[in-house]
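Asker: Once you've had a glance at the structure underneath, I'll fire off some questions.
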Amino acid sequence: MTTATLAAPVVTSSTLATASQESFQHDSLQLGSANNLSFIEQLIIEQEVWSDTAYKTSNDMLYALLAKCYAKYEEMCADNHTAKKLRGELDDYIKLHSIAVNKTSHTLIKIVKCVFGTNKRRVSAYSIVLRTALFNKVKSADIADFVRNNGGVEEIRLAKNGNVLSPKQKAEAAKTAVVSAALAEFTSEDIAKQLDAANIGEQIVFVATQQADGKFVVNAVSTSATAVNAALAAYYSANKASINNQQDQQNTTTADAQLTNIVNNTNA
């Protein structure tokens, strides 16, 4: 009985060299392709990755991406070959993809519109954030901290409209209005056990249920700043007129007192 023997492929140094060369050439082509992308296309790719992965769970990637958009704008403002090249790439992309922008639109708006697509609300919010940063002379390296320190994208967007208060601003206005009000006073050992005795003077939030006999049962308590601000913002929205009237009265009283002091000092 004859047994057939399969010959193993012979791997020589010449074969390895050829394979390595082909692999290197393939990698070089891939790298060259990536390097040929314009800056706006590279930012768009990052935006798509962010949208598909971390959009719903993390703002860190968003802030980093906004910082990169802002950094490219900073580069475009220079008077050199690199800046001219970047401006050309942006204009070429807008023309090639028929991006609807006005000729008078700010360059930051153009960049954001290209990177984040046709979602008007998102484009508007992110443009406001970057232009607000520009107005405040924030550097690209500090964009992420700037957005975080100002309460996030939505807070900055709302604050941009002088007729609309952000939730944080509403909470501050309500806090001033209610600080002197005392609807009820009571003590509770069970509640006291859940609180830090050193935080005297700090506001907290109670969750209470109204009873048929007019009494209230406290079900839960929270010292969270987020919970307190949310409750104050909600109170402001429900009592906006009275809070604003109270503020106007306080401002008038302060102005009258200052005027009286000026008159008295003049006559002295």
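The values are calculated or read from the model by the stated rules, or taken from the named source; none is laboratory data. Computed from a predicted model, the values in this text were never measured in an experiment. All Cβ positions, glycine included, derive from the backbone under ideal geometry; neighbour counts span all protein chains shown. Keep in mind that these areas ignore ligands, DNA and RNA; they rest on the heavy atoms of the full protein, side chains included. Shrake-Rupley method; radii C 1.70, N 1.55, O 1.52, S 1.80 Å.
Asker: Do we have Val179 as touching a Phe, Trp or Tyr at 6+ places or on another chain (Cβ under 8 Å), over 30 Å from Leu62 (Cβ atoms) and outside the structural domain of Ala133 (by the TED database) here?
Answerer: no
Asker: Output the qualifying pairs, or none if there are none: Cβ atoms under 7 angstrom, residues six or more apart or on different chains, first residue in region 180-209 and open to solvent by 90 Å² or more (accessible area, probe 1.4 Å), second residue at pLDDT 85 or above and of a type outside the set (Ser, Thr, Tyr).
Answerer: Close Cβ pairs satisfying both conditions: Gln194/Val221.
Asker: Within region 144-151, is there a residue that is exposed (fewer than 15 other Cβ atoms within 10 Å of the Cβ) and outside any helix (DSSP H, G or I)?
Answerer: No, region 144-151 has no match at all.
Asker: Which one of Val112, Val123 is in contact with a Phe, Trp or Tyr (Cβ under 6 Å, 6 or more places away or on another chain) and without any contact (Cβ under 8 Å) to a residue 24 or more places away in the chain?
Answerer: After ruling out the rest, the residue left standing is Val123.
Asker: Can you name the number of the only condition in (1) under 21 Å from Val123 (Cα atoms); (2) in contact with an Asp or Glu (Cβ under 9 Å, 6 or more places away or on another chain) that Glu155 fails?
Answerer: Checking Glu155 against (1) under 21 Å from Val123 (Cα atoms); (2) in contact with an Asp or Glu (Cβ under 9 Å, 6 or more places away or on another chain), the one that fails is (2).
Asker: Among the residues of region 69-94, which ones are charged (D, E, K, R), under 27 Å from Gly152 (Cα atoms) and surrounded by fewer than 18 Cβ atoms within 10 Å (Cβ to Cβ)?
Answerer: Glu74, Glu75
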